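K.L.:
Dropping the structure in here first, questions after.
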Amino acid sequence: MEVLIMLTTESSKTNALRLAKLLLQKKIAACVSIKQIFSIYMWDDQIEETKEFEITIKSKPEFKDDLINFLHQISTYDVPQIIYKKYNSEMKYYEWLNKMI
């Protein structure tokens, strides 16, 4: 009963909401959570500080490649954060997720 959790980020709430809705419409995600975060990272040999929106995508493991390809196409970042892992899930949540996508 594995589920896929994938994390990405977007630069604005508008972009994050757009991405989340498209994932649900394309039926490659069952649920998407969005939260505002503050990130500090290296870019072009400079330390950058910015507000971002972290997007947690809940999906099926077999959609991993579709999700990665989609995120590369739609992300506003040159190098989008795409981090993922498979997790074991409680049965009721697993069944719900599989009904949604």
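K.L.:
Restricting attention to region 42-76, which residues are loosely packed, with under 15 Cβ neighbours inside 10 Å, assigned to a loop (DSSP other than H, G, I, E, B) and either touching a residue at least 60 places away in the same chain (Cβ under 8 Å) or of a type in the set (S, T, N, Q) (or both)?
P.N.:
Across region 42-76, the qualifying residue is only THR76.
K.L.:
Filter region 77-87 down to the residues that are touching a residue at least 60 places away in the same chain (Cβ under 8 Å) and more than 12 Å from the chain's Cα centre (by Cα) and list them by number. Give the derivation first.
P.N.:
At the first step, the residues of region 77-87 found to be touching a residue at least 60 places away in the same chain (Cβ under 8 Å) are 77, 80-87.
Matches in region 77-87: TYR77, LYS86, TYR87.
K.L.:
While we're here: Within region 18-33, is there a residue that is part of a strand (DSSP E or B), in contact with a Cys (Cβ under 9 Å, 6 or more places away or on another chain) and among the small types (Gly, Ala, Ser)? Spell out how you get there, then give the answer.
P.N.:
Taking region 18-33 as the starting set, the residues that turn out to be part of a strand (DSSP E or B) are 31-33.
Subset that is in contact with a Cys (Cβ under 9 Å, 6 or more places away or on another chain): none.
No, that holds for no residue.
K.L.:
Filter region 27-41 down to residues that are surrounded by 13 or more Cβ atoms within 10 Å (Cβ to Cβ) and of a type in the set (Val, Ile, Thr), then give me how many there are.
P.N.:
Within region 27-41, residues that are surrounded by 13 or more Cβ atoms within 10 Å (Cβ to Cβ) and of a type in the set (Val, Ile, Thr) number 3.
K.L.:
A further question follows. What's the total number of residues in region 1-17 that are assigned to a strand (DSSP E or B) and more than 18 Å from PRO61 (Cα to Cα)?
P.N.:
Kept after step one, since they are assigned to a strand (DSSP E or B), are these residues of region 1-17: 2-10.
Those left that are additionally more than 18 Å from PRO61 (Cα to Cα): 9-10.
The qualifying residues number 2.
Where a number appears in this text, it was derived from the coordinates with a stated rule and is not lab data. Just so it is clear, the model here is predicted, and its values are computed rather than measured. Here the Cβ is made from the backbone with ideal geometry for all residues, glycine too, and neighbour counts use every protein chain on show.
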